[in-house]
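What follows is a short report on a single structure.
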Amino acid sequence: MGETRPVILVTGAGGKTGRAVIRALIARGETVCALVHRSDQVCATQGLGAQEIVVGDMRDQAAMDQAARGARAIYHICSNMNPDEVTIGQVVIAAARAAGVERLVYHSVLHPQVEAMPHHWQKLRVEERLFESGLSYTILQPAVYMQNVLAYWNQIVEQGIYPVPYAVETRLGMVDLEDVAEVAALVLTESGHVGATYELVGAEPLTQTEVAAILSRQLRRPVRAQAVPLDEWERMARASGMSHYAIETLLKMFRYYDRYGFWGNSCVLTWLLGRSPTTFSAFVERTVRNPIPNL
Ligand SMILES: NC(=O)c1ccc[n+]([C@@H]2O[C@H](COP(=O)([O-])OP(=O)(O)OC[C@H]3O[C@@H](n4cnc5c(N)ncnc54)[C@H](OP(=O)(O)O)[C@@H]3O)[C@@H](O)[C@H]2O)c1
């Protein structure tokens, strides 16, 4: 084990979660090492203020060991719908142990216990590995990001349609990714969070019709939620080149949402932030005022 650098390693750093976590850490004056997947992600990550960038594959133990060497802490984000999430979790845990990091924070998901959603179930298996690791860990379990709506922003703004691949009555509890990133920076830099598992849910669950009504109010134009049949969604996903695993997993997630909804409780997030979490209405208002940082 070498000398400890005052650096926090963020994995999966090129995605929307990684970018938000890096911004929050830099705002706190921390030094960040970002592990990105591709060299074309380096420039943008430097632009966020990350002082060190490593390009590598999270499945590669040697690359992960090198990135983690001497780091003070690790914030681990696996990419979305990654069939290797458990293997990657094990690689990160081994690297964290070899580097002797003070803490490892894992970006999990709300209700990883749901076996019907394979990407949740994989995260639960990683959480189990953390319990067994002997490391000082913290687990964050965010709800569905409000930012996911931005994938349909043009359609919402231009056509007044908010398309969802489940019934419009489906109730989802969402969270602002900026609130999640604030908590990530907090648990990485303040004491008292070792061994904790925190569910991060922003506000009261909303039906998709209610989501559309809020969009409509903030955009000052009619917006309606429209259910997209799953076979139509699947056709579009296959045409876009999405992987078979991601399509199958997302279909399972949509069916689960449709049947049960997906929501939790905002008390833990309120306590961690020391304020009320961002409401969906406030999120949309902020996005309308200043769309660039969220996109
Ligand atoms: N979206 C939500 O509502 C939500 C809610 C709760 C939790 N989460 C969880 O948040 C996590 C992050 O989601 P995200 O959308 O921010 O991530 P993402 O964009 O899917 O992935 C993050 C980064 O990881 C990179 N990556 C992929 N495979 C890699 C590999 N083998 N080695 C190294 N890097 C690799 C990706 O690069 P490429 O671009 O090259 O693939 C991407 O830049 C996911 O685990 C998701 O389940 C999401």
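The values are calculated or read from the model by the stated rules, or taken from the named source; none is laboratory data. Model, not experiment: these values are computed from the prediction. Neighbour counts are summed over all protein chains in view; Cβ atoms, including those assigned to glycine, are modelled from backbone coordinates with ideal geometry. In case anyone asks, the SASA skips ligands and DNA or RNA and just uses the protein heavy atoms, side chains included. Shrake-Rupley method; radii C 1.70, N 1.55, O 1.52, S 1.80 Å.
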Exercise for review: For region 125-137, indicate whether the set of residues that are in contact (Cβ under 8 Å) with a residue 60 or more places away in the chain and farther than 26 Å from L269 by Cα is non-empty.
Suggested key: no
Exercise for review: Tell me which residues, restricted to region 15-69, are crowded, with 22+ Cβ neighbours inside 10 Å, within 12 Å of the ligand (Cβ to nearest atom) and part of a loop (DSSP other than H, G, I, E, B).
Suggested key: M58
Study note, to complete from the structure: Quick count over region 70-101, residues being more than 14 Å from the ligand (Cβ to nearest atom) and not in a helix (DSSP H, G or I), is 6
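For region 102-129, name all the residues that are of a type in the set (S, T, N, Q) and either buried (at least 20 other Cβ atoms within 10 Å of the Cβ) or near the ligand (Cβ under 10 Å from one of its atoms) (or both).
Answer for region 102-129, where residues must be of a type in the set (S, T, N, Q) and either buried (at least 20 other Cβ atoms within 10 Å of the Cβ) or near the ligand (Cβ under 10 Å from one of its atoms) (or both): S108, Q122.
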**Study point:** Every residue from region 142-161 that is open to solvent by 10 Å² or more (accessible area, probe 1.4 Å) and either more than 16 Å from the ligand (Cβ to nearest atom) or under 14 Å from the mean Cα position of the chain (by Cα) (or both)
**Key:** V144, Y145, Q147, N148, N154, Q155, V157, E158, Q159, I161
Practice item. Identify the single condition in (1) closer than 30 Å to R28 by Cβ; (2) out of contact with any Ser or Thr (no Cβ under 7 Å at 6 or more places or on another chain) that V114 does not satisfy, given that it satisfies every other one. Key: (1)
